[in-house]
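In what follows, a structure is listed as structure tokens, so that the remarks can point back to it.
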Amino acid sequence: MPQLNQSRRTFVKSAGALAAVAAAGGAASALTQPTDALGSKQEDDRIAWSMCNVNCGGNCIFQWHVKDGKIAYMESDNIGDKAFQARACLRGRSMRRWVNSPDRLLYPMKRVGKRGEGKFERISWEEAIQLIHDKIQYTIDKYGNEAIYFNYGTGMYSTTGRNPSKRLLGMLGGFVNQRYDYSTHMMSASMPYMFGSNKEKGSVYSPYDNVNASSFSEAEAHSDLVVMFGNSPADTRMGGANAVWDFARVREAIKSRGGKIVNIDYRLNETSAGHSDEWIPIRTGTDAALCAALCHEFVVDGKTDEEFLSAYCVGWDESTMPESAKGKSKSYKDYLMGVGYDKIEKTPEWASKITQIPADRIRQLAKDLENAKAPFVCQGWGPQRHSNGEDTARAISMVPIALGQIGLPGTNTGQREAEPPTYLVSALPFKNPIKTQLPVYQWLNAIDHGSKMTAANAGIGGAEKLGSDIKLLISYAGNCFTNQHGDINKVHEVLADESKCEFILVWDTVLTDSGKYADLLLPDAMRAEQLNMQNQGYSEYYTGVTVGGPAQEAPGECRTHYDACADIAETFGIREQFTEGRTQEEWIEFLYKQGREKHPEMPTWEEILEQGVYKRELPPSIGLKDFRDDPSAHPLGTPSGKIEIYSEALDKLNDSWELAEGEEIHAIPVFWPGPDGYGEVTEEYPLYCSGFHYKSRTHSSFGFIKEIDEMNRQQAWINPIDARERNIANGDKCRVKSPAGEIEIEAKVTPRIIPGTVGIPQGAWHDADMNGDRVDKGGCINTLTSYRPTPLAKGNGPSHSIIVQITKA
Ligand code: SF4
């Protein structure tokens, strides 16, 4: 197991503010003395370590080479074992263009135009701090702390990144908590009903762990078949020690033992494009139908593991149903065999019409799965980001469950490959006295009619209802007001009404389109401009920590989030309580040392300052291994302690919750088309449309960097059959229209997408005249999505469930 803790060469020279911080023990400056093109030494070159701060989950390692107090160029991880280097992808390698962008916000600014117009005037930090004080105090006095919401945002990860605001608000009485996240919303809500989540039983569900899922390294070691549903690390997690690298090793290992990888996706994505195994194109949003047909074939072929299903599961067949549901033909097997509620047998022919996959191809895939010694079935987070995503996520897990291929070497539970369980250091601590949780996709409804939102009609957690409409909204390093949310035109209507949300504070490095809705806009310092500490991310399978910086001074009046929050705390008379007498640099040292107490193998503080990076590999893991080995000693956190294919709790919610017309919560993971899903296209909107994550951006982060945009243009993928019907040629400027809005975008005519579906890379920055035609020239897919939270999670399922027409512009 490689461990990296070698020393770097020592510091040579620093400059300006950097030297001052270093003298205070704050700057990590491991230095080299590279030679320039002519071979002469660059005496003042030094390296400041950092990590990519965006939310792809990789947190790849940066070395900022500094000359004359400015970043001259960037290298990534080039230390230690080459097979274990967290090298940045094209996005991370463009970070210098972000740090030094002419678009950086430089001063605090107050809105002067209408909300959303993007007109601001410069004010001083003193005025800004006072304004924040006054607005927080006013909101608490008039509406209470439950009128404050700190919005989802992931553009500046770090141990001291997002938490300063939360720490401050917690000390002022609290704020409404976020429930779930935009990445795994439907999965996070529905999977616990199948796999359980109960602290007392010791089985707490998270889509970000290795308890419920196996690592790619386990597939590499033991699997002979990998089946991936909508999972493309080569598009999403492209860094060196990131999931794509793990996947590359899986691919080589599987090939060497004569196995194969099958990729099921509506696009021939970058992960399946790079190798010769199989791509099975599927109509978007219909994975649960394919899974039902696969399980049907397992039954017909006598390949289900009845012993496992009977001992470890509830709801597979009549004999394993709970008392409350016996004799009602409500089991999953009844559903498959046509004796369930809909009396339709889930044959490959049935699934073929829905999925567009030939029936024989479905049969062949079933045989491959039956014959595999160790099938590793996994899903990305795209399949669950549909209007039927709560059922889809569980349905994919039914494939290994039906075969009893769970908890064994080389197998997986049908979830995304496992993520690291070990974080070496903690983030800045905060406590929130308010326990009320708002599903993350519901903040707009909470502004519009929050006080009417309850557990039963909006999935409010921790309380029966929300105590107030949201009146004060804060966003730190996020673009989720508009760009990453659904139905941007609706968002505009709600936010433009100043009587609803009364104050919006946005804290960022550039003016995002969400930032245009700010009443107060604050300029944040980049991670490269302060001492920074970060764990490894959550999408690769090692653990580590990076400490370093600043590489250069922040421009203009940019400040760290921590320092500004400390000043706000002072206006409330709680500076000392907020800081506990520590600067940000001292907190980082404190948190690092705390981490080292738990993990004494870590370098000392002095050593990490010098070497910048510490990392170590983790052994492979098998999801639900303990449960498989001894289900009595390690019951799951479900009411029965078993895998609940049929969930009584979900059945009850379907009866007790207030659902919109046509909505249902299903006790078993059926194929339910969902709004704007299969069968919902119309004459006006005859095509399905789905978003996908794209190489040029991490969500919307990097979306303003022209260089990577030019390499990976924002294009609507369309099959030649659909393009021909519309007289659209590759590169044509097109209009894509949905019931929610319209965008302008270039066409990419390609057989790499299934006919009948348009694919649009998500995250492109919204760019429309909201007082004019509202046609979005930026090509942001959320102009097209509806805002209709899903039945159970109340989540962003509509992200990939859209119906559209596309025409030549
Ligand atoms: S893979 Fe992710 S974390 Fe790594 S450089 Fe690219 S965007 Fe950043």
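The values are calculated or read from the model by the stated rules, or taken from the named source; none is laboratory data. Remember, it's a predicted structure, so these values are computed and weren't measured experimentally. Cβ coordinates were reconstructed from backbone atoms using ideal geometry, including for glycine residues, and neighbour counts include every protein chain displayed. Surface areas here come from the heavy atoms of the whole protein model, side chains and all, with no ligands, DNA or RNA. Shrake-Rupley method; radii C 1.70, N 1.55, O 1.52, S 1.80 Å.
The table below lists the values:
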item: Fraction of antiparallel bridges per DSSP, the range 687-808 only, in percent to nearest 5; result: 60
item: Kirkwood estimate for the range 688-755, i.e. one over the average of 1/r between Cα atoms, Å; result: 13.1
item: Local electrostatic count at ASP769 - Lys and Arg +1, Asp and Glu -1, tallied over other residues with Cβ under 10 Å; result: -1
item: For the chain: Kirkwood Rh in Å [reciprocal of mean 1/r, alpha carbons]; result: 27.3
item: At 0.890 mPa s and 25 °C, Stokes D of the range 466-513 from Kirkwood alpha-carbon radius, µm² per second; result: 211
item: Amide H within-cut-off set for ILE753, under 5 Å, with H built and near neighbours excluded; result: LEU268
item: Portion, in percent, of the accessible area of the range 60-170 that falls on carbon or sulfur, probe 1.4 Å; result: 46
item: For VAL775, distant residues with modelled amide H under 5 Å away; result: ASP769
item: Packing-based ranking, highest mean first, of 540-550, 285-295, 752-762 given that Cβ atoms within 10 Å are counted; result: 285-295, 540-550, 752-762
item: Portion, in percent, of the accessible area of the range 687-808 that falls on carbon or sulfur, probe 1.4 Å; result: 46
item: Base-10 log of normalised Debye intensity for the range 307-375 (one unit scatterer per alpha-carbon) at q = 0.13, 0.20 Å⁻¹; result: -0.50, -0.93
item: Simple Cβ-charge dipole of the chain, Lys/Arg +1 and Asp/Glu -1, about Cα centre, in debye nearest 20; result: 960
item: Reciprocal of mean inverse Cα separation for the range 687-808 (Kirkwood radius, Å); result: 14.6
item: Global form of the range 380-421, assessed from the alpha-carbon gyration tensor, a/c cut-off 1.5; result: oblate
item: Ellipsoid equivalent to the range 68-144 - semi-axes via the Cα gyration tensor, in Å; result: 41, 18, 13
item: Fraction of antiparallel bridges per DSSP, the chain only, in percent to nearest 5; result: 55
item: Size of charge dipole - the range 507-645 - debye, nearest 20, with Cβ of Lys, Arg +1 and Asp, Glu -1, no other charges; result: 580
item: Solvent exposure, largest accessible area first (probe 1.4 Å, DNA, RNA and ligands not counted), of HIS599, HIS386; result: HIS599, HIS386
item: Top positive-direction residue, dipole computed over the chain with Cβ charges, set SER324, GLY144, GLY703; result: GLY703
item: Compactness of the range 369-506 as Cα Rg over 2.2 N^0.38 Å, two decimals; result: 1.42
item: Euclidean distance of C-alpha centroids, the range 300-377 and the range 126-201, integer Å; result: 41
item: CD proxy at 222 nm, helix term only [per DSSP H run n ≥ 4: -39500 (n - 2.57); per residue of the chain; nearest 500]; result: -8000 deg cm²/dmol
item: Tail weight of P(r) past 18 Å, computed on alpha-carbon pairs of the range 638-718, percent; result: 67
item: Local electrostatic count at ARG91 - Lys and Arg +1, Asp and Glu -1, tallied over other residues with Cβ under 10 Å; result: +3
item: Accessible area expressed per residue, the chain, with surrounding protein chains retained (probe 1.4 Å, Å²); result: 34
item: Scaled radius of gyration (Cα, divided by 2.2 N^0.38 Å) that the range 200-337 gives; result: 1.26
